[in-house]
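> Handing you this structure, nothing more for now.
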Amino acid sequence: MSHGEVGQVIVDEAVADARLAAWEFDGARAWLEEARRHPMEPLAAEVWVTDPAFVYVLLVKHRVRGWVPPGGKVERGEAPRAAAARELLEETGLRSELLPEPAAVAVRSYRADWSPTLGLSYAAVVGRGVPLAGEQNQPAAWFRLDTGWDSVFPEDRERIRAHARRLAAGAGGRLPLR
């Protein structure tokens, strides 16, 4: 498979996950359909980690962005879901099964001098007793969903809260707990 074919497979996977996402923000699906016609980099992936009671969210302290879900850039040849799991492990020390349905798809600029980026948000449910081992100078911590946290993406608070409420309403013991 050529580099171009590998890239197309990754874009196709991003499109498939975007279509499955529980939530869409910022016209992300239409943006992605348009972006498919042109080279698209970078692609971002993150994980919205909640506790089994859906009361807490796990965030990492980014040096510029404040408290954000663990995540980052999807590397060349890497599927978005795999990137999200890798970033979760790197930034928190957690190996967790991601829920089958992506949580959300959104478009945002991570820096003023970067073009808009498609971001896929996946979800995981993890007990708060699991030890955390984040990256140096980027600690991970649990925050109550009913409180605020300092972030350059304040809209994430309500988005994550809404998704946690959705999971809590439909959980019925079906979620994997890691």
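The values are calculated or read from the model by the stated rules, or taken from the named source; none is laboratory data. If you're wondering where the values come from, they're calculated on a predicted model, not measured in any experiment. All Cβ positions, glycine included, derive from the backbone under ideal geometry; neighbour counts span all protein chains shown. All accessible areas refer to the heavy atoms of the entire protein, side chains included, with ligands and DNA or RNA removed. Shrake-Rupley method; radii C 1.70, N 1.55, O 1.52, S 1.80 Å.
> Can you name the residue in region 116-129 that is surrounded by fewer than 16 Cβ atoms within 10 Å (Cβ to Cβ) and either touching a strand residue (DSSP E or B) at 6+ places or on another chain (Cβ under 8 Å) or not small (Gly, Ala, Ser) (or both) and, of all such residues, is farthest from VAL64 (Cα to Cα)?
Among residues in region 116-129 that are surrounded by fewer than 16 Cβ atoms within 10 Å (Cβ to Cβ) and either touching a strand residue (DSSP E or B) at 6+ places or on another chain (Cβ under 8 Å) or not small (Gly, Ala, Ser) (or both), the one farthest from VAL64 (Cα to Cα) is ARG128.
> List pairs: first in region 13-34 and on the phi > 0 side of the Ramachandran plot and outside any helix (DSSP H, G or I), second open to solvent by less than 70 Å² (accessible area, probe 1.4 Å) and at pLDDT 75 or above, Cβ under 9 Å, 6+ apart or cross-chain?
Hits for this filter: ASP26/VAL105; ASP26/ALA106; ASP26/VAL107; ASP26/ARG108; ASP26/PRO116; GLY27/VAL107.
> Find the residue count for region 90-115, including only residues that are farther than 14 Å from GLU13 by Cα and surrounded by fewer than 14 Cβ atoms within 10 Å (Cβ to Cβ).
Total meeting the criteria: 8.
> In region 51-65, what residues are open to solvent by 10 Å² or more (accessible area, probe 1.4 Å) and β-branched (Val, Ile, Thr)?
Matches in region 51-65: VAL55, VAL64.
> Please list, ordered by first then second residue, the pairs with beta carbon atoms under 7 Å, 6 or more apart or interchain, first in region 70-89 and touching a residue at least 40 places away in the same chain (Cβ under 8 Å) and open to solvent by 50 Å² or more (accessible area, probe 1.4 Å), second assigned to a loop (DSSP other than H, G, I, E, B) and not polar (S, T, N, Q).
ARG81/LEU98
> I need every pair where a residue in region 144-173 that is closer than 27 Å to ALA112 by Cα has its Cβ under 7 Å from the Cβ of a residue that is outside any loop (DSSP other than H, G, I, E, B) and among the small types (Gly, Ala, Ser), sequence separation at least 6 or different chains.
So the pair list comes out as ASP150/GLY66; SER151/GLY66; VAL152/GLY66; ARG159/ALA104.
> Let me ask another. Looking only at region 64-102, count how many residues are touching a strand residue (DSSP E or B) at 6+ places or on another chain (Cβ under 7 Å) and basic (Lys, Arg).
Counting residues in region 64-102 that are touching a strand residue (DSSP E or B) at 6+ places or on another chain (Cβ under 7 Å) and basic (Lys, Arg) gives 3.
> SER121 is checked against (1) out of contact with any Asp or Glu (no Cβ under 6 Å at 6 or more places or on another chain); (2) at pLDDT 95 or above and fails just one. What number does that condition carry?
(1)
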